[in-house]
Amino acid sequence: MIMTIKNRVLKAIHNFLIQLLRIERRLEPWFRPQWDYLFREPGSRIIQFFVNRRRHKNENLKLAEESSDPDEEESLNKIIDLMMDQMRGRFKPGGYERGGNTKTHGIVRATVTIRDDLPEHCRKGIFANPRSYPAYIRYSGPGPNVPADINDVGFMSMAVKLMGVPGEKLMSEEKFTQDFITTSGGATFVTPNTRENAKLQYWSLVDMTLYYFLNPKDSHLLDFFMQSLWTATQYNPLGQRYWSCTPYLLGEGQAMMYSFVPKTKDVERHIPGLPFGTPPFNYLRENMIKTLNEKDVEFDLMIQIQTDPHLMPIEDGSVRWPEKLSPFIPAATVHIPKQKFDSDTQFEFAKRLKMNPWHCLPEHRPLGNLNRARFRMYYELSKFRQEMNQTTHLEPTGDEIFD
């Protein structure tokens with residue numbers, strides 16, 4: 001009985017904080033851009049100073065070298081079980097959404113063109129030659145729910161699937177694709193490793209995600225503050241910057257992070273109904289539709305090379321790789337032409353897609369414990385989702401026709 005009362009109190013406090021956050025998000029368009037301009041980068045430097053102070057001593061790893069913990073498999077099993085439980089509790093058979101990157105804002109056609117002025121040491125894998133690849137890009141909300149956009153967590157995801165990519169792939173379920181998975185929640189991952197991510201998934205299952213960060217007995221305040229610098233009211237998936245947050249090979253012995261940086265500045269950003277009205281449930285999708293009805297959109301695909309194995313770690317997702325040590329350099333251009341993408345058949349097509357960073361060439365093998373977990377986690381969760389929807393996996397070619 002005492003625990004029940006305690007849990008009710010904690011739940012009430014959590015819900016109160018969420019309501020305060022939702023009110024604040026409705027007011028952000030009038031102050032957040034100025035706040036970010038003044039405080040985001042200085043705040044990030046301060047937080048990262050303390051993040052690095054809490055880390056273990058230098059492990060003397062080499063560039064692009066990984067190190068594993070003995071409890072990784074146990075943590076991964078917990079994550080998969082907890083996320084499947086979340087999906088069972090939130091969705092019904094035939095209507096299962098993804099366990100993460102859940103709400104589809106839209107999936108669009110694109111072309112990714114590798115630049116011809118890349119430095120020689122960057123010409124690995126898909127970047128080896130200046131050429132173009134057809135692509136699909138899925139924009140989504142973080143999940144695990146499918147709420148009204150104004151009530152979502154405050155960041156988005158951009159998953160890019162290149163097609164027609166020759167060569168052996170690390171995951172055999174797709175033969176000609178290369179996937180890039182990114183979020184707009186800043187350059188760091190929401191948890192430093194899989195051990196902590198398992199804790200986050202538990203609190204997400206009981207619908208008290210904030211308690212993962214604020215629990216006085218096991219707080220993650222630095223990660224909370226770091227994420228808070230980038231989670232904000234979102235306006236249009238086509239106008240936001242996205243980061244990989246986890247590292248990948250760029251040829252043997254060389255690691256990279258990557259980022260999609262918007263080049264098209266004047267995309268639709270209006271949110272009807274703010275501050276105190278009711279914005280459209282899917283206003284992010286509607287702003288994508290308005291934008292792509294009027295113009296093409298472009299992103300730069302930027303890559304950042306690891307130059308210091310301790311200050312730019314492989315195994316700790318909470319550390320932002322310092323750009324003063326290694327600035328991002330442009331590697332490719334992502335061109336999204338004007339198009340219609342909101343047909344029912346196109347959204348059904350999105351349900352058959354699997355986005356997984358292990359759909360890749362060996363030259364771009366995912367690195368670190370968070371990425372090692374993704375191999376089996378993404379595979380099992382997507383297989384579970386498609387079984388519950390009685391649908392099948394499809395490797396796209398780019399030749400698909402939608403009504």
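On the range 1-133, 58 percent of the accessible area sits on carbon and sulfur atoms, based on a 1.4 Å probe. Taking all protein chains into account, the per residue accessible area for the chain stands at 46 Å² (1.4 Å probe).
Loop-located chymotrypsin sites (Phe, Trp or Tyr not before Pro) in the range 1-97 (DSSP state not H, G, I, E or B) with no more than 15 neighbouring Cβ atoms inside 10 Å: F31.
The residues neighbouring M163, those whose beta-carbon lies less than 11 Å from its own, together hold a net charge of -2 under the Lys/Arg +1, Asp/Glu -1 convention. Each principal axis of the range 199-326 carries a Cα extent, and these read 46, 41, 24 Å when sorted largest first. Applying the criteria of a DSSP loop state and at most 16 other Cβ atoms within 10 Å to the trypsin sites (Lys or Arg not before Pro) of the range 237-311 yields K263, K265, R269, K295.
Computed from the C-beta positions of N129 and E395, the FRET efficiency with R₀ = 25 Å rounds to 0.65. When the chain is treated as a GNM with alpha-carbon contacts under 10 Å, the residue of W321, W243, W203 showing the greatest mean-square fluctuation is W203. Across the accessible surface of the range 186-311, with the other protein chains kept in place and a 1.4 Å probe, carbon and sulfur atoms take up 56 percent. When only alpha carbons of the range 280-403 are considered, Rg and Dmax amount to 18.6, 51 Å.
Taking all C-alpha pairs of the range 179-255, those more than 14 Å from each other amount to 69 percent. Annotation for the range 163-195 versus the range 254-312: alpha-carbon center distance of 18 Å. In the range 282-337, the ratio of gyration radius to Kirkwood radius, Rg to Rh, stands at 1.20 when only Cα atoms are counted.
Return the FRET efficiency for the residue pair D117, V9: r is the Cβ-Cβ distance, R0 is 51 Å, and the value is rounded to the nearest 0.05. Computed FRET efficiency for D117 and V9 comes out at 0.30. Loop-located chymotrypsin sites (Phe, Trp or Tyr not before Pro) in the range 252-307 (DSSP state not H, G, I, E or B) with no more than 15 neighbouring Cβ atoms inside 10 Å: F276, F281. Computed on the Cα trace of the range 74-158, the radius of gyration divided by the Kirkwood hydrodynamic radius gives Rg/Rh = 1.15. In order along the range 62-72, the Karplus-derived 3J(HN,Hα) couplings, from 6.51 cos²θ - 1.76 cosθ + 1.60 at θ = phi - 60°, round to 7, 4, 6, 8, 9, 9, 10, 9, x, 9, 4 Hz, and Gly and Pro are given as x.
Think of each Lys and Arg Cβ as +1 and each Asp and Glu Cβ as -1; about the Cα centre, that makes the dipole of the chain roughly 920 debye. Just report the Cα centroid separation between the range 335-390 and the range 1-77, whole Å. Between the Cα centre of the range 335-390 and that of the range 1-77, the gap is 25 Å.
Once the gyration tensor of the Cα atoms in the chain is diagonalised, the equivalent ellipsoid follows with semi-axes of 29, 27, 23 Å, ordered largest first.
The values are calculated or read from the model by the stated rules, or taken from the named source; none is laboratory data. Bear in mind the structure is a predicted one, so any value in this text is a computation, not a measurement. Note: ideal-geometry Cβ built from the backbone for every residue, glycine included; neighbour counts use all protein chains shown. Only protein heavy atoms, including side chains, enter the accessible area calculation; ligands, DNA and RNA are left aside. Shrake-Rupley method; radii C 1.70, N 1.55, O 1.52, S 1.80 Å.
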